[in-house]
Amino acid sequence: MGVYYFAILFLGFFLILGAGLQAFKQGSIFKPRVFLYGVMGAALIGLSIFMFTPGSAEIVADLLGLAEN
(Lines give C-alpha, C1' and ligand atoms only; values in the text may rest on other atoms or scores of the structure.)
Protein backbone atom coordinates (compact mmCIF):
# COMPACT_ATOMS: atom_id res chain seq x y z
CA MET A 1 0.00 0.00 0.00
CA GLY A 2 2.91 2.35 0.62
CA VAL A 3 3.71 2.35 -3.10
CA TYR A 4 0.32 3.89 -3.83
CA TYR A 5 0.81 6.53 -1.13
CA PHE A 6 4.15 7.49 -2.66
CA ALA A 7 2.53 7.64 -6.09
CA ILE A 8 -0.15 10.01 -4.73
CA LEU A 9 2.55 12.09 -3.02
CA PHE A 10 4.63 12.45 -6.19
CA LEU A 11 1.55 13.19 -8.28
CA GLY A 12 0.72 16.00 -5.86
CA PHE A 13 4.26 17.37 -6.11
CA PHE A 14 4.12 17.28 -9.91
CA LEU A 15 0.74 19.05 -9.93
CA ILE A 16 2.08 21.82 -7.69
CA LEU A 17 5.22 22.09 -9.80
CA GLY A 18 3.08 22.29 -12.95
CA ALA A 19 0.88 24.94 -11.35
CA GLY A 20 3.95 26.96 -10.45
CA LEU A 21 5.28 26.75 -14.00
CA GLN A 22 1.90 27.73 -15.43
CA ALA A 23 1.67 30.66 -13.01
CA PHE A 24 5.12 31.79 -14.12
CA LYS A 25 4.15 31.56 -17.80
CA GLN A 26 0.76 33.24 -17.44
CA GLY A 27 1.88 35.80 -14.88
CA SER A 28 -0.85 35.08 -12.33
CA ILE A 29 -1.55 32.39 -9.77
CA PHE A 30 -5.27 33.20 -9.77
CA LYS A 31 -6.03 31.76 -13.20
CA PRO A 32 -8.61 28.96 -12.82
CA ARG A 33 -6.40 26.21 -14.23
CA VAL A 34 -3.36 27.19 -12.15
CA PHE A 35 -5.43 27.52 -8.99
CA LEU A 36 -7.17 24.18 -9.57
CA TYR A 37 -3.86 22.35 -10.13
CA GLY A 38 -2.40 23.91 -7.00
CA VAL A 39 -5.38 22.98 -4.83
CA MET A 40 -5.53 19.44 -6.21
CA GLY A 41 -1.81 18.99 -5.66
CA ALA A 42 -2.02 20.22 -2.08
CA ALA A 43 -5.01 17.95 -1.40
CA LEU A 44 -3.16 14.91 -2.78
CA ILE A 45 -0.07 15.69 -0.71
CA GLY A 46 -2.21 16.11 2.40
CA LEU A 47 -4.02 12.83 1.73
CA SER A 48 -0.79 10.90 1.24
CA ILE A 49 0.80 12.34 4.38
CA PHE A 50 -2.36 11.45 6.33
CA MET A 51 -2.31 7.89 4.97
CA PHE A 52 1.33 7.48 6.05
CA THR A 53 0.44 8.17 9.70
CA PRO A 54 -0.13 5.22 12.04
CA GLY A 55 -3.79 4.40 12.60
CA SER A 56 -5.03 6.07 9.43
CA ALA A 57 -6.29 2.77 8.00
CA GLU A 58 -8.62 2.34 10.98
CA ILE A 59 -9.89 5.90 10.64
CA VAL A 60 -10.66 5.43 6.94
CA ALA A 61 -12.31 2.06 7.65
CA ASP A 62 -14.53 3.71 10.28
CA LEU A 63 -15.46 6.54 7.90
CA LEU A 64 -16.36 4.11 5.13
CA GLY A 65 -18.22 1.76 7.46
CA LEU A 66 -15.84 -1.13 6.84
CA ALA A 67 -14.84 -1.62 10.47
CA GLU A 68 -15.95 -4.82 12.14
CA ASN A 69 -18.00 -4.27 15.28
| field | Average accessible area per residue (Å²) across segment 1-60 - probe 1.4 Å, nucleic acids and ligands excluded | value | 72 Å²
| Given just the C-alpha atoms of segment 1-60, how large is their convex hull per residue in cubic angstrom? | 66 Å³
| query | Using θ = phi - 60° and the Karplus form 6.51 cos²θ - 1.76 cosθ + 1.60, what ³J(HN,Hα) does each residue of segment 10-23 get, whole Hz, x for Gly and Pro? | reply | 5, 4, x, 4, 5, 5, 5, 5, x, 5, x, 5, 5, 5
| request: Leaving ligands, DNA and RNA out of it, report the carbon-plus-sulfur percent of the accessible area of the chain at a 1.4 Å probe. | output: 75 percent
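The values are calculated or read from the model by the stated rules, or taken from the named source; none is laboratory data. Just so it is clear, the model here is predicted, and its values are computed rather than measured. Remember, those area values only see protein heavy atoms, side chains included, never the ligands or the DNA or RNA. Shrake-Rupley method; radii C 1.70, N 1.55, O 1.52, S 1.80 Å.
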